[in-house]
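Only one structure is covered here, and it is reproduced in the block below.
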Amino acid sequence: MFGKIQTMKYTDSYCSQMKQLEEKINTADAILIGAGAGMSASAGYTYSGERFEHNFSDFIKKYGFKDMYTAGFYPYETLEEHWAYWSRYIYINRYVQKSNKLYKNLLELVKNRDYFVLTTNVDHCFQNTGFDKQRLFYTQGDYGLWQCSRPCHLKTYDNEAAVKRMVEEQKNMRIPSELIPYCPVCGAPMTMNLRIDQTFVEDNGWHKAASRYQDFLRQHKGQSILYLELGVGGNTPGIIKYPFWKMTYQNPKAVYVCINLSEAYIPTEIKKQSINIVGDIKEVLSYFTREKHVC
């Protein structure tokens with residue numbers, strides 16, 4: 001249905017695109033933000049390089065890991081070592097960073113508007129920055145939650161206190177055995193509440209957020225809505241990218257905006273309703289916070 005148009009074929013200048021985007025933000029009835037991994041990467045929360053090496057030098061030395069993400073799937077021989085790795089992983093990606101300039105700039109841009117955030121990110125950056133919790137839908141889970149690994153019941157558990165204790169008390173890449181989390185119902189080991197397979201638990205909070213998202217879509221159906229896609233790649237396009245394309249195509253008043261450093265493109269069918277910006281999200285959003293715009 002949708003044929004791709006690469007951004008490099010556009011002739012509009014960057015300044016022209018930014019002015020168009022500013023106008024659409026100011027005139028839209030509502031703004032639906034779709035945020036992917038590129039959003040947090042632009043904020044500096046990278047899963048490889050210096051940040052990974054600084055926090056996991058011992059695991060890198062032992063296993064030769066190249067990045068934080070793939071190391072999380074390694075079949076560690078003991079739960080003590082598994083949770084030594086994962087407690088650090090959760091701690092630096094969920095609890096250390098409480099706010100971020102990129103997210104602050106985005107909040108400043110939409111805080112007085114009718115907005116909603118749909119995100120595949122699980123690092124809680126939106127809420128930590130001050131976005132309204134009632135306007136957020138974390139579709140893929142949350143680093144701050146555990147669930148039963150089976151799962152025997154559809155409930156999640158806050159892990160902040162337990163994770164911080166694991167980080168403080170681990171030695172030689174292992175946590176004390178008494179800190180291993182087990183399901184309070186069936187006794188199976190706990191696991192992360194992340195959508196990696198069919199065992200992902202969609203708890204009551206997840207369903208309430210999903211309902212609020214659907215309510216937002218219904219309330220603004222046919223209106224002048226801005227679909228603002230930030231850093232969404234091709235891993236899970238069915239959650240944000242494809243629905244945004246479809247809803248734009250079905251609504252002549254809608255505008256689709258894609259901001260992406262390396263995966264920015266739009267379908268030919270909605271070209272006239274779209275703004276496509278190849279660039280760092282952090283730099284693009286900073287345009288709106290300067291006293292004098294660069295353009």
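Among all residues of segment 180-188, there is at least one that is out of contact with any helix residue (DSSP H, G or I) (no Cβ under 7 Å at 6 or more places or on another chain), surrounded by 20 or more Cβ atoms within 10 Å (Cβ to Cβ), not aliphatic (A, V, I, L, M) and not assigned by TED's automatic domain parsing to the domain that holds ASN128. Assess whether LYS104 counts as being in the same structural domain as MET247 (by TED's automatic domain parsing) and farther than 20 Å from ILE275 by Cα. The answer is yes for LYS104. State which residue pairs qualify: first residue free of Cβ contacts under 8 Å to residues at least 60 places away in the same chain and within 16 Å of GLY222 (Cβ to Cβ) and inside segment 238-257, second residue of a type in the set (A, V, I, L, M) and surrounded by fewer than 18 Cβ atoms within 10 Å (Cβ to Cβ) in any location, beta carbons under 8 Å apart, and separation of 6 or more residues or different chains. That search, which allows pairs on different chains as well, returns MET247/LEU217. Looking across segment 1-44 at every residue that is more than 30 Å from TYR138 (Cβ to Cβ) and assigned to a loop (DSSP other than H, G, I, E, B), the one that is modelled with the lowest pLDDT is identified as TYR10.
The single condition among (1) of a type in the set (A, V, I, L, M, F, W, C); (2) farther than 23 Å from LYS111 by Cβ; (3) modelled with pLDDT of 95 or more; (4) surrounded by fewer than 18 Cβ atoms within 10 Å (Cβ to Cβ) that CYS148 does not meet is (4).
With respect to the stated conditions, ARG165 fails to be of a type in the set (Lys, Arg), within 15 Å of THR119 (Cα to Cα) and at pLDDT 95 or above.
When we screen GLY234, GLY222 for residues that are at pLDDT below 95, over 21 Å from TRP86 (Cα atoms) and either surrounded by fewer than 16 Cβ atoms within 10 Å (Cβ to Cβ) or β-branched (Val, Ile, Thr) (or both), the only hit is GLY234.
Residue count for segment 151-161, restricted to those that are surrounded by 16 or more Cβ atoms within 10 Å (Cβ to Cβ) and outside any loop (DSSP other than H, G, I, E, B): 2.
Among the helices (runs of 4 or more DSSP H) confined to segment 56-147, the ones with at least 2 residues that are within 30 Å of TYR287 (Cβ to Cβ) and either in contact (Cβ under 8 Å) with a residue 24 or more places away in the chain or over 14 Å from the mean Cα position of the chain (by Cα) (or both) are located at 101-110, 125-129.
The values are calculated or read from the model by the stated rules, or taken from the named source; none is laboratory data. Computed from a predicted structure; not experimentally measured. A quick note on method: Cβ atoms are made from the backbone with ideal geometry, for glycine too, and the neighbour counts reach across all protein chains shown.
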